[in-house]
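> Please see the structure below; I have some questions.
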Amino acid sequence: MPAPESTLIAPQVPAQRKPLRTILSSAPSPGRDRLRKRAASATVWYLRLMVVLNMACVISLPFREEIHEHNAGQYFTPYLATAGLTSAALSLFLAMVMRRRKRAAWVFNLLLAGPLLALYALALTRAPYREHPFNWASVGLTALFVAALLIGRREFDAIGDRSNPRLALVVGVGGSVVSAALGTLLVHATNKLSGAGLRDEIAYTLLRGISVGPLADRVAAVHAPRWADMTVNSMIAATFLLVLYACFRAPRGECLLGAEDEQRLRTLLDRHGERDSLGYFALRRDKAAIFSPSGKAAITYRVVGGVSLASGDPIGDPEAWPGAIDAWLAEARRHAWTPAVMGAGEEAGTIYARHGLDALELGDEAIVDLADFTLEGRAMRVIRQAHNRVKRAGYTVRIRRHEDIPDDEMALLIDRADQWRDGTTERGFSMALGRLGDESDGRCVMLECRDAEGRPRALLSFVPWGGHGLSLDLMRRDRACENGLMEYMVVELLLRAEELGVRRVSLNFAMFRSVFERGSRLGAGPVLRLWRSILTFFSRWWQIESLYRANAKYRPLWEPRFLLFAKSADIPRIGLASARAEGFLTPPTLPAFTRRRQQDCDGRITSPRPSA
């Protein structure tokens, strides 16, 4: 006999009441958060104001002399208002890192401004200083700055790199020795007085490095020209800023793509790989992966020069994209990285825009739908003639999956690809896999072109785009081979793609394609024509227009690709990071003991890369 319903219900235990103070302290307060953000912004604006004030003093001699006279007498100025180039540079640098919410910068300002405020307060206890209203204003401004630091302390939560103290020590010691030595030589060569010893010249150099004011005038045996004083001050200021940069530089992403994350990404690509032609490039092993809370979507990125650089669309279910984007942006904020996305599609760009990123159209991706492709017609005459000419010369193309190529033949193709590469650097990031012949890439497709004598002369490699598409990864050829060889190979792939079950092929990316196309039309405006002329000029050194022309021959569908960024002021920095990631810029390498090691997510240490 079933038990009564009342016995099946667990007795209700009254919840313990929390103290009202605990509830209020744990509950989110929009007003308190707003106050913290405004206080943090106030510290940045104060530092920017000090930049303007110090630069005005450097430019205006009467203003500078008045400030120096006040500092030498019974007046004192607010925090960092010393009327010197060093203070201007320091204020500018601190404003930049404080805007990025660096915790180390907050600590630095507090340790510098806090004792200074205490010293000012102590000075006001003495009658000569207390009688001047200017001193009270200086104390008030410094106190407001310190108060803003304390109120907004939780906003400054961006962490630094563990190797920063070691690098800062090396830069500080080395830079100080070099700057002091060069400055002393300059002072010795330009000293207008006689009888100065080495100790006097070193003391004058160090004091002049601190200030261009009357501080160094205490060394009576040395009197250098004004330009020499400015040069010494600038060298010491540059050394100091380099030390600060070493202290506050953003950490590089240390966890690269491990075997477990790569397998998770491959699972997502198996389910949703048809959505984005660039999806397979997320498997580059110099990237890191961050997943949505549900694990149904992921973003892969690489940190270059303090920029968290993602590429293409997020991988996985579009419904889970917002979760992956939130996690990626939170990671960027935590490390003070600048978020940016290269080559995002229109759908992904719209979702990124909802998360606060702005969009700029980079160009278009050329996609050939094999159902509509044909060599017939006047529009395809150039391609058809190139294909027939190379074919009559005896060239042949062999198409195979990577997994079907024997190891010795693959080794030969890899060696030829290295020989035919333009330059010593392997280029590509957003639309290149960065490896050839890896066992895990067996579904990639290789096109091998041989001449009439059977010698390899060119190759193309394509990565999978879902189950029925291919995306161009690698294009190499012997420079001494027949013209039109690449067109011949692409046409052979398009004509024989059904053998591989391929329905669409993604070719090269054409940057600023719409500018070239619309700028040459009748009725194009003056701005568009000027922009097209500028791009045509730079096409002499970079393949901008030539890539567009080469892709347009196949009458493809054009899919726009976008650059996503948080602030317009970050675009130059993002451009430099993109150029480094793509292999167009190679920064100098730091000494081995200052480099930051990277490891994959399985804990294996990888070769150290140049510092960001």
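The values are calculated or read from the model by the stated rules, or taken from the named source; none is laboratory data. The structure displayed is predicted, hence computed values, not measured ones. Every residue, glycine among them, receives a Cβ derived from its backbone with ideal geometry; neighbour counts consider all protein chains shown. Please note that ligands, DNA and RNA were not included when accessible areas were found on the heavy atoms of the full protein model with its side chains. Shrake-Rupley method; radii C 1.70, N 1.55, O 1.52, S 1.80 Å.
> So, for segment 355-448, what is the accessible surface per residue at a probe of 1.4 Å, expressed in square angstrom?
53
> Follow-up question, since we're still on this one. Quick one: if the Förster radius is 22 Å, what FRET efficiency do Asp157 and Lys567 give, using the C-beta to C-beta distance and rounding to 0.05?
Once the sixth-power term is evaluated, E becomes 0.70.
> Calculate the tail of P(r) for segment 365-425: the fraction of all Cα-Cα distances greater than 19 Å, expressed in %.
62
> If you don't mind, another one. Name the GluC sites (Glu not before Pro) in segment 336-381 that are in a loop by DSSP and that have at most 13 other C-beta atoms within 10 Å, would you?
Here the GluC sites (Glu not before Pro) that fit, given the DSSP loop and packing criteria, are Glu376.
> A further question on this structure: Would you mind computing, in nm to one decimal, how far apart the modelled labels at Arg455 and Ala127 are, each placed 7 Å from Cα along Cα→Cβ?
Distance between label points: 10.0 nm.
> Between segment 437-500 and segment 97-115, what is the separation of their alpha carbon centroids in Å?
What the calculation gives is 55 Å, centre to centre.
> Apply the Kirkwood formula to segment 151-286: the hydrodynamic radius equals the inverse of the mean of 1/r over all pairs of different alpha-carbon atoms; give it in Å with one decimal.
19.3
> Here's a follow-up. In Å and from the alpha-carbon atoms only, list the Rg and Dmax of segment 383-537.
So, for segment 383-537, Rg and Dmax equal 17.9, 57 Å respectively.
> Only loop residues by DSSP count here, and only those with at most 15 other Cβ atoms within 10 Å; note down the GluC sites (Glu not before Pro) in segment 420-470 that meet that. Mind showing how you got there, number by number?
Numbers: sites: Glu426, Glu439, Glu448, Glu453; in loops: Glu426, Glu453.
Answer in residue order: Glu426, Glu453.
> How high is the relative contact order of segment 342-443, in percent, with contacts defined as C-alpha pairs under 8 Å that are six or more residues apart? Provide the component values of the computation, followed by the final result.
Numbers: 27 pairs, mean separation 29.1, N = 102.
Rounded, it is 29 percent for segment 342-443.
> Run a plain Debye calculation on segment 87-185 (Cα atoms as equal point scatterers, no solvent) and give log10 I(q)/I(0) at q = 0.18 Å⁻¹, rounded to two decimals, same order as the q list.
-0.97
> Ok, one more. DSSP loop trypsin sites (Lys or Arg not before Pro) in segment 439-501 with at most 15 other Cβ atoms within 10 Å of their Cβ, which ones?
Arg443, Arg479
> While we're looking at this one, here's another question. What lysines sit close enough to Lys391 to cross-link, taking a C-alpha to C-alpha distance under 22 Å and skipping anything fewer than 8 places away on the same chain?
Once the sequence-local lysines are set aside, what remains near Lys391 is Lys553.
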